[in-house]
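Report on the structure given below.
The values are calculated or read from the model by the stated rules, or taken from the named source; none is laboratory data. All values derive from a computational prediction rather than experimental measurement. Using ideal geometry, Cβ is built from the backbone for each residue, glycine included, and neighbour counts are taken over all protein chains shown.
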Amino acid sequence: MSSATSNAFELVKLIQRKAPEYLDLLTASTEVEFLVAFDSLLARAVNHLEKNARNLSGLGEEGLTAVLVGVLSMPGLSVTQETNSNGHVDVTVEADHCNPPRIVLGEAKIYSGPAYHIKGMTQLIGRYTTGREGRGLLIVYVQNENISGLTKSLRTRLDTILPLQQSGPTCDCSLKWSFTSRHKHSCGDEVEAVHVMCNLYIG
């Protein structure tokens, strides 16, 4: 084995040991593999916000999203704020190494009831999403207590009124206090959105 090959092999082993999600992201060959790897990174970013809720308590939606974007960004994964896609999207994630490109659009809201949440869904699904992107992302900063109860109540409301041509009931997601919904999009396909609830209650 040549020195260069050996060094490359050692680097891969190091990444696998230190940052397995990053390696999974780099080597993802399907949309499903990419989303599984991305969900791990997203969970870590949300956990960072939750552990620092007291330090972040003075921030609004844009400030909280700036922190989230900073934590998610890494070589090979471009994460930006206010990038244009038929409007200024709160969070745009682009996997630079993928072909075809993998793009995740996200809308971020401080939780203020189901109506405000649906407003965010309308922006994400009805305005920003073209149908070419992967699963959409709704980041919900919950500053109230009882995030579990609020999540259940929100899901019940969505499953009752089925906004934005929602296709059936919401489904559980691998991330705690989070769920997915599917919607008929103007492109003619169904699009999926994951609603990620972030616990920022500080008492």
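In the set Arg132, Arg102, which member is surrounded by 16 or more Cβ atoms within 10 Å (Cβ to Cβ), more than 24 Å from Gly63 (Cα to Cα) and not hydrophobic (A, V, I, L, M, F, W, C)?
The conditions single out Arg102.
Within the range 155-203, track down each residue that is under 18 Å from the mean Cα position of the chain (by Cα) and assigned to a helix (DSSP H, G or I).
Arg155
With the requirement that a residue be modelled with pLDDT under 95 and among the charged types (D, E, K, R), what does the range 92-136 give you?
Glu94, Asp96, Arg102, Arg132, Glu133, Arg135
Quick one: in the range 44-65, which of the residues that are surrounded by 15 or more Cβ atoms within 10 Å (Cβ to Cβ) and of a type in the set (Gly, Ala, Ser) is nearest to Pro101 (Cα to Cα)?
Applying the filter and picking the extreme gives Ala45.
Just to verify a result, which residue in the range 77-101, among those that are more than 22 Å from Ser186 (Cβ to Cβ) and in a loop (DSSP other than H, G, I, E, B), is nearest to the chain's Cα centre (by Cα)?
By that ranking, first place goes to Gln81.
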